Amino acid sequence: MAYSLELLEQIYEQCLSLPGEERVAFIRGACGDQEELRRVLLLMLENEQQSADYLKQLQQTLAGGLSERQPLPELNPGDLLGNYRVAEFLAAGGMSSVYLADRADGQYEQRVVIKCMNAGTLRRKDSFARIGEQQILARLRHPAIATLYDAGVTPGGAPYFVMEFIDGLPVDEWVKHKNLNLNQILKIFEQIAGAVAYAHSHLILHLDLKPTNILVDSNGQVKLLDFGIATGFAAGKSGQRSFAGTPAIAAPEQLRGEPVSAATDVYQLGMLLHKLISGNYPLAEDASPSEGFTRFNPQSLIREPEIASGIRPEIRAIIGKCLGKNPEERYTSPAELLRDIRNYQQHYPVTALPYSLKYRAFKYYQRHRTQVISITFIMLSLITGTVISLWQAGQAKAQRDLAVKSEEVSTATRNFLLDLFMAAHPSKTKGDTMTVFQFLDKGYHEAEAYKGSPEIKLEMLTTIGKLYRSLGDYRKSKDVLDKVYAMAKDSSLPLSLSYVQAIQQLALYQRDMGNYDSASSIMKQVFRLYSEIGHPAKDSLYTASLKYHAYIYRSLENNDSATALIRRTIALEEQIWPDRNNINLAESYYILGVIHRNQGQYEEAIENISRSLELCENIMGTYFPGTIANLNTLSATYSQAGNPEAALESSRRARDISFRLYGENHMETATSADNLGRIFLKLNETDSAYHYFIRGLNIRHTLFPEKDNVHVMISTNNLLSLFVKTQQPDSVRKYLAEALKVGESPKVQARQRAVTWWNAGEFYEQLAIPDSARYCYEKALAENRSYLPEEDSRVQAVLARLNSLGAGN
Amino acid sequence: MAVTPDPIFQFIRPASQGDAGAMRKVFPLIYSELFAIARNIRFNFHGIDTLNTTAIIHEAYLKLSSNEGQWESKAHFYAVAAKAMRQVMLNAARNKQREKRGGGAVTSSLDEVENQLVLSPAASEKLIDFDALLKQLEEKDTLYGRIVECRFFSGLSIEETADVLQVSPATVKRKWQMARAWLYVHLPRYGVS
């Protein structure tokens, strides 16, 4: 260059210190006859702002380049992933690509979205480990959460997720498009926060609640996407101090790389609410991204929120409370946030504004304090999973005290679960992904070691036991519940609703283990306790208990008591939910159907089960445990009623949904396999039947490894009938011996023993040993008579065999 | 001050002040760390709208410092890391260009890693032009390079840059303003020689 940089620097600096209109003249004067210097300086001056912008932009482009996606694992239209065929490419994001796909096995039409993570997003090992977690995620069944159907790894090694297809708009666009007012926005927001609260009760955080992850369909139904995916992938490669999500809405702890918790989602909900109401995030305009990171103090990574002044003071306070810099300053859960939103809607004071309230408002708050606490409690209980609707129970003093007491218990339990949340975060586990089971184990140990109030400990253990049970780990569940029982027997413990619920868990465990007598007597105790604490009958907790007991009676073949209880349940539930559009009712209809089926009343059974199935699918969608149970039962009923085609159809659907929802090793999957096997056996497709029976057996062995394995009885009987039918004496002998041995257990039901003896009778008939056959049929008759009326077809069938044998003699 | 400084931080200050020996010791470490972080961040951010190199360097600092460190050591770290960041970016950009021309067999494992940074051809070109121009300024005065590294790659404020480079804030401001505008108008499209 033909000029001195030093000179250029000086002139430029002086020039910039002058008022705008004097600058050009200054440069012309200062450069004298240095042509090139003047030209460069004038250009620089002209482009002062552009140059600043350009550098800022280049800086972001470079960083963006680092985070841009890699070449994708090519998924092309027509590719098959599991049961789904890729239809078209939709979009690519920072770390994944999204495709539309259709179900490819022709069983039913279903349009889904496949989200395929970019290759290299995870190491292969990780992605396989994560599949198990996806099964947990698949349990999230909520009208406002997009269902995850399936997950896997492409042949190229990229993890993918199959999700519900939602035809909708991002929530912010929806709000704009519909020009919603504040109350309408709050209604939408309630749906969102409710879904997040629901996920939290299943120990899953979202952590990336941006509008593009929240769609609203044409019916105004909110659907949250990508649940848990952010969490699932947060570990990244180094496993520490990295976070998934969108920086603009990230909570301070996310930016600091600290453990996240339910309060992190609360922060993001606050950001979202602000955006929905004002159209923008509560961030200062000039807090441009690169400035945000310029200070050395990590605190300054976090921008101070600036809540738009146009927003109503109560809502401002609520958003402000969500956006607390420290998690402790915020609402502890989305449920608590929801409560405050409802306070606002119902013109109650919001808790976010407690001290600035006028005295009268404060008094009002005090006057209605109990009610507020009750609402809190209901919300809190959503988190602990113990739904106790004391609010509905009225305001009698005893119950009020109980509510306060229970709230303490629940708060303790809740905090305890939140700790678990945090412990499960990869940043606390040195990069190892903790499975849900691992952190339940951790929680179990912590609960055991808990030295505080026995009531709280009881509730902790009950919660843990319940979670184990609902995740299908019966052995762990028993472990925990044994401790609960030992504690519950200690009479020094004060009587409370949580105590009653703990006892009930024990009954359910006994039921799951096939100890129906013991389960029934524990349930009787539960009802005595309900009346002792004055719990009302017209309440969903009470009806739930009735239902459990009805089902236990059914398992005991006590159909009369079962019918009476379930009819009473339905009557109460129809009072609680007059529109009858409730999932609890679906369950009751199902149970009634099962009882009908048990009594050979197939038409009534099919009617009730179909009714339940319809309700389930309407309310909860296809991928819901109740849907599977209904389909399985429906299939078995059709089969008994002599309609194998209908049976096969229901059964296939059940198997399919079940596998998606639970994976291989789950009771429901085993039941589906059994059903399919029985149908194939009826259709004389013995190879297929064998395949499914063995699969059922294997699942049961895995789930219940103990010696006196009652659950294996069903599979053993299935295989036995198969080998009798296909005339394979060696195999028959093997399974017959097995079935007779297990059949000695008092836990095995009469009808199962009857099936064994019936098969044995057929076997000896085949071998032309009538005496043995007669002996077996008589055994079968005795077992059948022990629980069935004389006119029942099963009793009559055995009698017919005995008669024909007699005639043959 | 009672804590023993991390080994790496013994070299950071001299490195940031131009000690070539110290620089050689810490550079590879920071360089590879920036890589790991850049890649990791790529995998972890969904929306990349606000990601910048400063964030990456900040991550690197959090990662490499086992104690909270002092303001000062952080500043020096940022200065050294900015140099490394410049190198990381430039190598990635050059790899991209080589790839575009269809040549350049990649041999070392580090190159392989660099290849995984996906800079767009346009961004690569911009960066290579930018760097070449910056080198012209550096030939006259190395301070330009160091100021641009601190301000541009590391996002340090004027005062922070001044502290790290031990010059007055006024000098930093003057040179930065000038360098920024000068570099911009010398980009190829303006045709200023």
Filter segment A:743-753 down to residues that are closer than 16 Å to A:LEU720 by Cα and over 36 Å from the mean Cα position of the chain (by Cα) and give me whichever is most open to solvent (accessible area, probe 1.4 Å).
-> A:ARG753
Options B:GLN177, B:GLN136; residue that is within 11 Å of chain A (Cβ to nearest Cβ), open to solvent by 10 Å² or more (accessible area, probe 1.4 Å), farther than 25 Å from B:LYS96 by Cα and out of contact with any helix residue (DSSP H, G or I) (no Cβ under 6 Å at 6 or more places or on another chain) | B:GLN177
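Output the number of residues of segment B:142-167 satisfying the condition of being open to solvent by 10 Å² or more (accessible area, probe 1.4 Å), facing chain A (nearest Cβ under 8 Å) and touching a residue at least 12 places away in the same chain (Cβ under 8 Å).
1
Among what's in segment B:89-102 and is within 11 Å of another protein chain (Cβ to nearest Cβ) and out of contact with any Phe, Trp or Tyr (no Cβ under 8 Å at 6 or more places or on another chain), pick the residue that is modelled with the highest pLDDT. Give the steps one after another, and end with the answer.
We begin by selecting, within segment B:89-102, every residue within 11 Å of another protein chain (Cβ to nearest Cβ); these are B:89-90, B:92-93, B:96.
In the following step, the residues that additionally are out of contact with any Phe, Trp or Tyr (no Cβ under 8 Å at 6 or more places or on another chain) were identified as B:90, B:92-93, B:96.
On the way: B:LEU90: 83, B:ALA92: 76, B:ALA93: 80, B:LYS96: 72.
The extreme case among them is B:LEU90.
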Out of curiosity, is B:ALA170 at the interface with chain A (Cβ under 9 Å from one of its Cβ atoms) and open to solvent by 30 Å² or more (accessible area, probe 1.4 Å)?
-> yes
Does at least one position in segment A:159-175 carry a residue that is more than 20 Å from A:GLY220 (Cα to Cα), at pLDDT below 70, in a loop (DSSP other than H, G, I, E, B) and open to solvent by less than 20 Å² (accessible area, probe 1.4 Å)?
-> no
Unmet criterion (only one of (1) assigned to a helix (DSSP H, G or I); (2) within 10 Å of another protein chain (Cβ to nearest Cβ); (3) at pLDDT 65 or above) for B:LYS63 = (3)
Of A:ARG597, A:ARG511, A:ARG554, A:ARG568, the only residue that is in contact (Cβ under 8 Å) with a residue 24 or more places away in the chain, touching a helix residue (DSSP H, G or I) at 6+ places or on another chain (Cβ under 7 Å) and surrounded by fewer than 21 Cβ atoms within 10 Å (Cβ to Cβ) is A:ARG511
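Which one of these is aromatic (Phe, Trp, Tyr), at pLDDT 70 or above and open to solvent by 10 Å² or more (accessible area, probe 1.4 Å): B:PHE43, B:PHE27, B:PHE77? I'd like the intermediate steps shown before the answer.
On the way: B:PHE43 fails: at pLDDT 70 or above; B:PHE77 fails: open to solvent by 10 Å² or more (accessible area, probe 1.4 Å).
Result of the check over B:PHE43, B:PHE27, B:PHE77: B:PHE27.
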Of all residues in segment A:432-460 being charged (D, E, K, R) and closer than 15 Å to A:VAL480 by Cβ, which is modelled with the highest pLDDT?
-> A:GLU448
Restricting to segment A:521-536, what's the tally of residues that are open to solvent by 30 Å² or more (accessible area, probe 1.4 Å) and either within 17 Å of A:ARG567 (Cβ to Cβ) or in a helix (DSSP H, G or I) (or both)?
-> 7
If you go through segment B:103-116 one residue at a time, do you hit one that is on the phi < 0 side of the Ramachandran plot, surrounded by 14 or more Cβ atoms within 10 Å (Cβ to Cβ), at pLDDT 75 or above and within 11 Å of chain A (Cβ to nearest Cβ)?
-> no
Can you give me the ranges of the helices (runs of 4 or more DSSP H) entirely in segment A:8-103 with at least 3 residues that are more than 10 Å from chain B (Cβ to nearest Cβ) and either surrounded by fewer than 17 Cβ atoms within 10 Å (Cβ to Cβ) or at pLDDT below 90 (or both)?
-> A:20-31
Quick one: which residue in A:SER290, A:SER300 is at pLDDT below 85 and open to solvent by less than 20 Å² (accessible area, probe 1.4 Å)?
-> A:SER290
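In the set B:PHE130, B:PHE152, which member is out of contact with any Ser or Thr (no Cβ under 6 Å at 6 or more places or on another chain) and at pLDDT below 90?
B:PHE152
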Flag for A:GLU109 being of a type in the set (D, E, K, R), modelled with pLDDT under 80, in contact with a helix residue (DSSP H, G or I) (Cβ under 9 Å, 6 or more places away or on another chain) and open to solvent by 10 Å² or more (accessible area, probe 1.4 Å) | no
Across segment A:766-800, the tally of residues that are over 15 Å from A:ALA750 (Cα atoms), open to solvent by 70 Å² or more (accessible area, probe 1.4 Å) and assigned to a helix (DSSP H, G or I) stands at 5
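The values are calculated or read from the model by the stated rules, or taken from the named source; none is laboratory data. From a predicted model like this one, the values you see are computed outputs, not experimental measurements. Glycine gets a Cβ as well: all are built from the backbone with ideal geometry, and neighbour counts include every protein chain shown. Areas reflect the complete protein model, heavy atoms only, side chains present, ligands, DNA and RNA absent. Shrake-Rupley method; radii C 1.70, N 1.55, O 1.52, S 1.80 Å.
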